[in-house]
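Laboratory data are not the source of any read-out in this text; all were calculated from the coordinates shown. Predicted, not measured: the structure shown is a model, and the values here were computed from it. Positions of Cβ are backbone-derived with ideal geometry, glycine not excepted, and every protein chain shown enters the neighbour counts.
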Amino acid sequence: MSIIRNAADTSRLALLATLAVGSLLAGAAPTAAQAEGFADTPQIQILGHAEEVHANDRAVVRLKVTVREADLEKTTTALVERSAKLMSALRDKGFTDKDLTTFGPTSDEVWEITRSDKGIETGRTKLGVDGSWGLRITLDGIDRPEGRERLAAFVTAAGLGGATLDQLTFGVAKEAEIQARLDRAAAKNAMDKARDLILATGAKPGRLLRLSDTMHHSGSPADMARAMPKAFLTIPVLPGDRVISAMAEVAVEILTP
């Protein structure tokens, strides 16, 4: 037996430098290739890193209303009633239409299929039509008590409105601005390390042969998804911190004495 649905409406730290008098290899593995176009140029390749820790101050919340009725007309009617109930609960908590973005509605026919031992379909029964409708909100300032209170009010309204908390993710409002600053810091870090290592050998740093923006990383506590909020219970929601980092790789020419 199976259920099917049919749409109804809708650096490495790498260091390799070849000198005229020999090789320079300092505490790292060689990179896979020299800077493009400079294969015969003595050079060092270094990965720089920059990292900052920031409090998550933004939450993106998705709520979803789901129903199953016998046919599309009844499903649509039920969705209208459930969505109106949810919107009323949100407005009672002080949220306005301009705070929200909606998605849907969608509907799917749901069938139960019976198969023989050989997997051949022997019959099917329509179970009904599933419908869903949802909305999303972005809440800033959740690193402050008043912001967390607003987030709690939104989740409570979801419970009162009979919605499912489909997804809750945390982030940093100015992450793009922070990331751009870290990109520059990572590039500087790579250049400083390359110059220091070259000078330590008695050689001199030359041209910048390559600069690669190689990787971004942003980590925080796991997202909470598909939980059913209960209006009469209080569950702590703690956004925590986010580690934002950047890495940049450079290849710098080595000038022998």
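A dipole drawn for the range 70-167 from +1 and -1 charges on Cβ atoms has a positive end, and of Thr102, Ile120, Gly141 the residue lying farthest that way is Gly141.
Could you work out how much longer the chain between Lys118 and Ala153 gets when fully extended? Use 0.36 nm per residue separation minus the Cα distance between them, nm to one decimal. Walk me through the numbers before you get to the answer.
On the way: separation 35, 0.36 × 35 = 12.60 nm, distance 5.34 nm.
Additional length available on full extension: 7.3 nm.
Computed over the Cα atoms of the range 56-185, the ratio of the radius of gyration to the Kirkwood radius (Rg/Rh) comes to 1.18.
Once the gyration tensor of the Cα atoms in the range 105-154 is diagonalised, the equivalent ellipsoid follows with semi-axes of 47, 13, 8 Å, ordered largest first.
Length available on full extension from Ala200 to Lys126: 0.36 nm per residue minus the Cα-Cα distance, which gives 19.0 nm. Among 160-166, 170-176, 140-146, the peptide with the highest mean count of other Cβ atoms within 10 Å heads the list, and the full ranking is 160-166, 170-176, 140-146.
For the pair Val53 and Asp92 in one chain, pulling the backbone fully straight at 0.36 nm per residue adds 10.4 nm over the alpha carbon distance. Oblate is the label for the range 119-184. Its Cα gyration tensor axes, ordered a ≥ b ≥ c, give a/c of at least 1.5 and b/c at or above a/b.
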